[in-house]
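Before any comments, here is the structure.
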Amino acid sequence: MANVFGPVPSRRLGNSLGVNLVPLKTCNYSCVYCQLGKTNYFTNERKEYYPTEKIINELEYAIKNTTLNIDYITFVGDGEPTLHSGIGRIIRWIKEKTNFKVAVITNGSLLYLNEVCNDLLYADLVLPSIDAPDERKFRLINRPVMKIRYEEIIDGLKLFARNFNGKIWIEVMLMKDINDSREDIDKISKIINSIFPIPERVYINVPIRPPTEKWVTIPDKRSLMYAQEKLPNAIPINFREEGKFDVNKYTNACEAILDITEKHPLRYDQAKEIAEYFKETIDEVLKKLQKEVKFVEYDNERYLKKLKNKNENTF
């Protein structure tokens with residue numbers, strides 16, 4: 001199944017059944033910290049990137065066949081989910097046909113559009129990002145489509161918050177020497193405090209997986225402690241996720257690892273656990289995948305990532 005994956009372990013959402021609505025790296029941002037690499041299809045156009053009915057059918061199948069509990073059905077994946085014009089219809093189907101909670105992880109860039117706000121009204125939880133303290137840092141960190149203005153995004157988020165009956169949790173990605181100064185954290189805090197009602201959770205995230213740009217690194221403890229003190233309702237999530245991936249729908253370890261690493265870099269220990277589930281050794285699996293995946297060293301961990309092209313270095 002191309003558009004529905006998991007459940008996968010999430011630090012914020014427990015067991016998350018993921019819904020991917022756009023092709024790989026289709027986005028209106030090209031964030032320096034993105035674990036999926038640079039944006040391939042840079043767009044601000046809303047349209048039906050995949051048939052909405054096909055995604056609903058995949059969801060129905062996944063819900064019936066998963067072996068793990070589902071805490072949230074989460075719209076996330078290969079790009080910005082609100083670019084898909086059918087997201088509202090899919091959310092309504094979930095709420096009408098199932099008892100599951102719906103979360104939308106978004107960069108928040110399109111919340112100034114009435115049509116996007118209306119599409120998300122039936123979600124239980126929306127998680128927009130605020131990574132920048134101002135327009136200049138916004139363009140450095142998120143590298144948006146040029147016509148997107150930072151002030152417009154914040155105004156859109158404020159308007160959405162006033163009209164939304166569900167929960168809003170903000171995520172702030174802090175990076176060393178980029179947006180982790182006291183001045184930047186104070187500005188971000190002021191922005192979040194201007195949202196009414198104030199979001200009940202503000203997650204302080206760090207780039208725990210290999211980022212797009214090698215100069216993006218994890219802040220020191222002093223910066224993280226200051227952010228935790230200054231940001232409202234702050235919750236640090238500067239730790240690696242724990243839990244199992246639902247690989248029951250795959251026929252072998254190679255198939256599972258290839259599919260997961262397209263959306264989610266895997267730690268070596270996670271890949272080893274998947275291999276053992278299929279009664280294979282990780283060495284055997286990696287030998288078969290040597291032209292399909294590569295190892296990336298980051299933060300004292302080895303990660304497996306799917307190759308974007310065959311000319312990339314592998315192991």
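Of the residues that sit in the range 161-197 and are surrounded by 15 or more Cβ atoms within 10 Å (Cβ to Cβ) and farther than 23 Å from Leu140 by Cα, which one is nearest to the chain's Cα centre (by Cα)?
Selected residue: Trp169.
If you check Thr251, Thr281, Thr261, Thr212, which single one turns out to be among the polar types (S, T, N, Q) and touching a residue at least 60 places away in the same chain (Cβ under 8 Å)?
The conditions single out Thr212.
Could you please give the count of residues in the range 107-130 that are more than 16 Å from Asn165 (Cβ to Cβ), surrounded by fewer than 21 Cβ atoms within 10 Å (Cβ to Cβ) and touching a residue at least 12 places away in the same chain (Cβ under 8 Å)?
3
Can you tell me how many residues within the range 207-235 are more than 19 Å from Arg143 (Cβ to Cβ) and either β-branched (Val, Ile, Thr) or in a loop (DSSP other than H, G, I, E, B) (or both)?
8
In this structure, does Glu284 turn out to be over 24 Å from the mean Cα position of the chain (by Cα), in the same structural domain as Ile188 (by TED's automatic domain parsing) and either surrounded by 14 or more Cβ atoms within 10 Å (Cβ to Cβ) or in a helix (DSSP H, G or I) (or both)?
no
Within the range 198-241, restricting attention to residues that are among the polar types (S, T, N, Q) and over 16 Å from the mean Cα position of the chain (by Cα), which residue is surrounded by the fewest Cβ atoms within 10 Å (Cβ to Cβ)?
Among them, the one singled out is Asn233.
Can you tell me which of (1) of a type outside the set (Ser, Thr, Tyr); (2) closer than 23 Å to Asn3 by Cβ; (3) crowded, with 17+ Cβ neighbours inside 10 Å is the one Asn248 doesn't meet?
The one condition Asn248 does not meet is (3).
The values are calculated or read from the model by the stated rules, or taken from the named source; none is laboratory data. Note that the structure is a prediction, hence the values are computed from the model and not measured. Every residue, glycine as well, gets a Cβ built from its backbone with ideal geometry; the counts of neighbours run over all protein chains shown.
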